[in-house]
1. Quick check on segment 88-103: of everything there that is under 17 Å from Leu44 (Cα atoms) and free of Cβ contacts under 8 Å to residues at least 40 places away in the same chain, which residue is surrounded by the fewest Cβ atoms within 10 Å (Cβ to Cβ)?
2. Could you list all residues from segment 147-162 that are assigned to a helix (DSSP H, G or I) and within 19 Å of Ile26 (Cβ to Cβ)?
3. Go through segment 134-154 and give me each residue that's among the β-branched types (Val, Ile, Thr) and either within 20 Å of the chain's Cα centre (by Cα) or modelled with pLDDT of 95 or more (or both).
4. Go through segment 210-235 and count every residue that is open to solvent by 60 Å² or more (accessible area, probe 1.4 Å), touching a residue at least 40 places away in the same chain (Cβ under 8 Å) and assigned to a helix (DSSP H, G or I).
5. Looking at Gly185, Gly203, which one is open to solvent by less than 40 Å² (accessible area, probe 1.4 Å) and not in a helix (DSSP H, G or I)?
6. Out of segment 55-70, which residues are open to solvent by 10 Å² or more (accessible area, probe 1.4 Å) and of a type outside the set (S, T, N, Q)?
7. Looking at Ile19, is it open to solvent by 30 Å² or more (accessible area, probe 1.4 Å), in a helix (DSSP H, G or I) and at negative phi?
Amino acid sequence: RAMSMAFAVDGLLVIGMTILLISGGIDLSVGSVTALAMVIAGWLFLNAGIDPWIASLISIAACTGIGAVMGFFVTRVGLHHFIVSLAVMVIARGACLLGTGGRPLGLYTLPPEFKFIGQGSIGPIPVVIVIFIAAVIAFDFMLRRTTMFRRVFYTGSNEKAAAYSGINTKKVIFLTTTLCSTLCGIAGIIYMARFGSAQPTFGIGMELNVIAAAVIGGASLKGGSGTIFGAILGAVLLSVVSSSLALLDVSVYWQDIIRGSILLAAVTIDHLLNKKRG
């Protein structure tokens, strides 16, 4: 149950990363921004006495703002997603440590109704999983059926051709970048409600798992292809591998090596398939 709940929250990040990859972008800051969402909301609740729901909304809005700033540097300044998100990853992590002094914020006084979104259940099903399933269905439907999200595929496939056909590609890239960071904010709040604390070191290395899940599930690093369901299957595969390695008592260090090797294999296969199509 605990593993499925953790997988469900990580799945929100996988959704955001998949859509961003389809548009031709990438975000290395997802782990740091998720941690920052926890720290902002937790700090506002503890030190400013702000209601946790309002603090959470402010935190999610801040994450949306971070995504908008990244989108600005990518679309207006002309920097690459990789460089911008790498810088934001370091800045966000530094902000987490600065705001907490490097120590977790204990949020034991969070009201039960707030903790419900991270710990509660609707019948036998945890609320976290309900949120995750709703997000998967909604975003998968929008990617497949709506004109707005079809433009994400066109932009990622060939940005110049999409621009010539009348699509505002800069707007598409800006919005997908912002969406990814917003989902990080939501995931951070759910984690905070689940654990009753804000961990400044949370999410280190999370970007590796999120990108690997999306690529294994069929999202191309070159953009233009990918599905939400495919990415979730990729996340399931990684989760099964991690659980199996833990059950087999494989060293944590070997687990990192194996996960990195899986990502390298997935990227290599993606590159060879794109080369063959080309």
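1. So the residue we want is Gly101.
2. Quick first cut of segment 147-162, residues assigned to a helix (DSSP H, G or I) only: 147-157, 159-162.
Phe149, Arg151, Val152, Phe153, Tyr154, Thr155, Gly156, Ser157, Glu159, Ala162 - these are the residues of segment 147-162 that are assigned to a helix (DSSP H, G or I) and within 19 Å of Ile26 (Cβ to Cβ).
3. We begin by selecting, within segment 134-154, every residue among the β-branched types (Val, Ile, Thr); these are 136-137, 146-147, 152.
Within segment 134-154, Val136, Ile137, Val152 qualify.
4. The total comes to 1.
5. Working: Gly185 fails: not in a helix (DSSP H, G or I).
Every option except Gly203 fails the conditions.
6. Going residue by residue through segment 55-70, those that are open to solvent by 10 Å² or more (accessible area, probe 1.4 Å) are 57-58, 60-62, 64-66, 68-69.
Leu57, Ile58, Ile60, Ala61, Ala62, Gly65, Ile66, Ala68, Val69 - these are the residues of segment 55-70 that are open to solvent by 10 Å² or more (accessible area, probe 1.4 Å) and of a type outside the set (S, T, N, Q).
7. Numbers: open to solvent by 30 Å² or more (accessible area, probe 1.4 Å): no; in a helix (DSSP H, G or I): yes; at negative phi: yes.
In short, no.
The values are calculated or read from the model by the stated rules, or taken from the named source; none is laboratory data. This is a predicted model, so every value here is computed, not measured. Methodologically, a virtual Cβ is constructed for each residue, glycine included, from the backbone with ideal geometry; neighbour enumeration extends over all protein chains shown. Areas reflect the complete protein model, heavy atoms only, side chains present, ligands, DNA and RNA absent. Shrake-Rupley method; radii C 1.70, N 1.55, O 1.52, S 1.80 Å.
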